[in-house]
1. Would you confirm, using the coordinates I've provided, whether Val49 is part of a loop (DSSP other than H, G, I, E, B), surrounded by fewer than 20 Cβ atoms within 10 Å (Cβ to Cβ) and of a type in the set (Val, Ile, Thr)?
2. Yes or no: the range 6-25 includes at least one residue that is acidic (Asp, Glu), at pLDDT below 70 and out of contact with any Pro (no Cβ under 8 Å at 6 or more places or on another chain).
3. Looking only at the range 131-142, count how many residues are at pLDDT below 90 and either surrounded by fewer than 20 Cβ atoms within 10 Å (Cβ to Cβ) or not β-branched (Val, Ile, Thr) (or both).
4. For the range 70-90: of the residues being over 13 Å from Leu115 (Cα atoms), among the aliphatic types (A, V, I, L, M) and within 16 Å of the chain's Cα centre (by Cα), which is surrounded by the fewest Cβ atoms within 10 Å (Cβ to Cβ)?
5. I'm told Val72 meets every condition in (1) under 23 Å from Ala125 (Cβ atoms); (2) at pLDDT below 95 except one. Can you identify the failing condition by its number?
6. For the range 68-113, how many residues are among the hydrophobic types (A, V, I, L, M, F, W, C), touching a Ser or Thr at 6+ places or on another chain (Cβ under 9 Å) and within 9 Å of Pro52 (Cβ to Cβ)?
7. Take the residues of the range 147-173 that are of a type in the set (Lys, Arg) and surrounded by 12 or more Cβ atoms within 10 Å (Cβ to Cβ): which is farthest from Asp137 (Cα to Cα)?
8. Can you tell me which of Thr96, Thr117, Thr104 is under 25 Å from Glu71 (Cα atoms), under 11 Å from the mean Cα position of the chain (by Cα) and part of a loop (DSSP other than H, G, I, E, B)?
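The values are calculated or read from the model by the stated rules, or taken from the named source; none is laboratory data. Just so it is clear, the structure is predicted and the values come from calculations on it, not from any experiment. All Cβ positions, glycine included, derive from the backbone under ideal geometry; neighbour counts span all protein chains shown.
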Amino acid sequence: MSHEGSAGKPGKAMADTTSIDRSAARTSDDPAEAEASAVAELRRLGQRVTAPRRAVISVLASTGEHLSATEVAERAQAVGADLHLASVYRAVDTLTRLGLVVHTHLAGGSATYHLSTEVSPPRHAHAQCTECGAVLDVPEQWLAPLADRMADQMGFRLLPHHAALTGRCARCDAP
């Protein structure tokens with residue numbers, strides 16, 4: 001799946017023990033269901049549902065794109081939310097620690113965010129084209145053999161969803 005948005009733009013938080021493994025989550029194309037799931041999870045975890053957190057969740061639930069913090073703020077503001085960029089960073093930091101948002105570092109150092117709820121797609125890795133900036137979702141299980149080998153032989157726990165693999169997409173690699 002290819003994503004636009006911040007994919008072509010240059011530019012560490014890990015889920016704590018209260019987060020949920022979403023590797024086998026069911027999916028839904030309904031943004032309202034994804035938003036409701038995230039808000040319910042916030043409440044279940046005993047967290048406050050603040051206006052900035054709700055705005056971030058709403059924006060991320062409404063798209064399959066991986067958005068930068070600036071893009072999240074702009075989209076929230078476009079629908080009338082009074083949301084400052086600093087509030088977005090605080091909200092995504094908290095939501096990431098709780099396991100409701102996943103962030104990925106793309107080439108050039110930019111971080112992008114997407115929702116990770118019971119109804120969102122399963123955790124996945126990312127591949128970014130170095131020519132056009134397209135971002136492709138890669139099933140995390142494709143990297144499982146590498147992750148297992150690194151754990152067994154190096155004692156290293158790979159977080160494949162945290163940073164994008166880079167290369168050239170089929171369109172840019174075509175002769």
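1. The answer is yes for Val49.
2. Yes - at least one qualifying residue is present in the range 6-25.
3. Qualifying residue count, the range 131-142: 8.
4. Per the criteria, the residue is Ala73.
5. It is condition (2) that Val72 fails.
6. Adding up the residues that qualify gives 4.
7. Arg149
8. Checking each option against the conditions leaves just Thr117.
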